[in-house]
Amino acid sequence: MAGILCTILTLLALGKAPEHCSVGHVPWFCHDLDCPPYEVTETLGKDVELRSYDAGVWMSTNLTGMDYDKAVRTGFMRLFAYISGANEGQQRIEMTAPVRVEMTPGAGPFCEDHYKVSFYVPFDLQDVPPLPLSKDLFVDPAPSVKYYVLSYGGRTNEKEIVDKAASLMQLLEDQGLTYDASTFFHAGYDSPFRLFNRHNEVWLRAV
Ligand SMILES: *[C@@H]1O[C@H](CO)[C@@H](O)[C@H](O)[C@H]1NC(C)=O
């Protein structure tokens, strides 16, 4: 995953706008970026918590029939084009965090993995997200929802994401907690330029 995604993220980091005001308390790992507000409902372990997310609008793109690296790369490029001006009004839109990937194993008629790659719409555009020019992108409003979240550091890859999701599932099952097993999420908060204090999460929707 490093190669091309790394290059794109590097370009993004170079072009990133300076710090701006943010609303309310922002978790440390969001740094200077807008990111979806939540409250910790329950702490289940050192790195695991139940979060209650506010309703919020994301911009998403779906990808099927390709491997994880290609899906994330392609999805990221589509979203990057959108925030760079490929939207009605040709607005330049602030980068946010996290880049979130919903992974649905073996979905569809050919049992292909399905990926949905999403950017969180900046706070000041939540009410009026600029419409994408590309038909591959869609405005993706999320209701208020609870996720079980496992956090970990460093640079990650698909194998580690799947391993972390499996260990979160095990932990929840050990505690008799129920979750939506059909899909899971990876949330990545950092550009490749960040050397330390990198932050990743896997999310499972609580049911
Ligand atoms: C995108 O994929 C999600 C599942 O990740 C699905 O629920 C949704 O209907 C899809 N949307 C479009 C526009 O294809």
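Against the numbered list (1) surrounded by 16 or more Cβ atoms within 10 Å (Cβ to Cβ); (2) within 23 Å of Ala55 (Cβ to Cβ), Val207 comes up short only at (1). Candidates Thr96, Thr61: the one that is in a loop (DSSP other than H, G, I, E, B), among the β-branched types (Val, Ile, Thr), within 25 Å of Arg194 (Cβ to Cβ) and touching a strand residue (DSSP E or B) at 6+ places or on another chain (Cβ under 6 Å) is Thr96. Yes or no: Ala142 of a type in the set (Gly, Ala, Ser), touching a residue at least 60 places away in the same chain (Cβ under 8 Å) and within 15 Å of the ligand (Cβ to nearest atom)? For Ala142, the condition - of a type in the set (Gly, Ala, Ser), touching a residue at least 60 places away in the same chain (Cβ under 8 Å) and within 15 Å of the ligand (Cβ to nearest atom) - is met. Within region 116-131, is there a residue that is outside any strand (DSSP E or B), within 13 Å of the ligand (Cβ to nearest atom) and under 14 Å from the mean Cα position of the chain (by Cα)? Within region 116-131, none of the residues are outside any strand (DSSP E or B), within 13 Å of the ligand (Cβ to nearest atom) and under 14 Å from the mean Cα position of the chain (by Cα). Filtered by the rule that a residue be over 20 Å from Ala142 (Cα atoms), in contact (Cβ under 8 Å) with a residue 12 or more places away in the chain and either within 16 Å of the ligand (Cβ to nearest atom) or among the small types (Gly, Ala, Ser) (or both), region 85-104 gives Ala86, Gly89. Filtering region 91-123 to residues that are buried (at least 19 other Cβ atoms within 10 Å of the Cβ) and polar (S, T, N, Q) leaves Thr96, Ser118.
All conditions but one from (1) of a type outside the set (Gly, Ala, Ser); (2) crowded, with 18+ Cβ neighbours inside 10 Å; (3) free of Cβ contacts under 8 Å to residues at least 24 places away in the same chain apply to Leu172; the one that does not is (3).
Scanning region 133-148 for residues that are under 30 Å from Leu44 (Cα atoms) and assigned to a strand (DSSP E or B) turns up Asp140, Pro141, Ala142, Val145, Lys146, Tyr147, Tyr148. Here Lys135 meets the list (1) touching a residue at least 12 places away in the same chain (Cβ under 8 Å); (2) within 14 Å of the ligand (Cβ to nearest atom) almost entirely, failing just condition (1).
Among the numbered conditions (1) surrounded by fewer than 18 Cβ atoms within 10 Å (Cβ to Cβ); (2) touching a residue at least 12 places away in the same chain (Cβ under 8 Å), the only one that Lys164 does not meet is (1). Tally up the residues in region 157-192 that are under 19 Å from Asp69 (Cα atoms) and part of a loop (DSSP other than H, G, I, E, B), please. Of the residues in region 157-192, 6 are under 19 Å from Asp69 (Cα atoms) and part of a loop (DSSP other than H, G, I, E, B). Within region 84-107, the residues that satisfy the criterion of being more than 22 Å from Ala166 (Cα to Cα) and more than 15 Å from the chain's Cα centre (by Cα) are Ser84, Gly85, Ala86, Asn87, Glu88, Gly89, Gln90, Gln91, Arg92, Ile93, Glu94.
Here is the figure for region 170-206: residues that are over 19 Å from the mean Cα position of the chain (by Cα), modelled with pLDDT of 95 or more and of a type in the set (Phe, Trp, Tyr) total 0. Out of Leu11, Leu50, Leu79, one residue alone is more than 16 Å from the ligand (Cβ to nearest atom) and modelled with pLDDT of 95 or more. It is Leu50.
The values are calculated or read from the model by the stated rules, or taken from the named source; none is laboratory data. Bear in mind the structure is a predicted one, so any value in this text is a computation, not a measurement. Please note: Cβ atoms are built from the backbone with ideal geometry, for glycine as well, and neighbour counts cover all protein chains shown.
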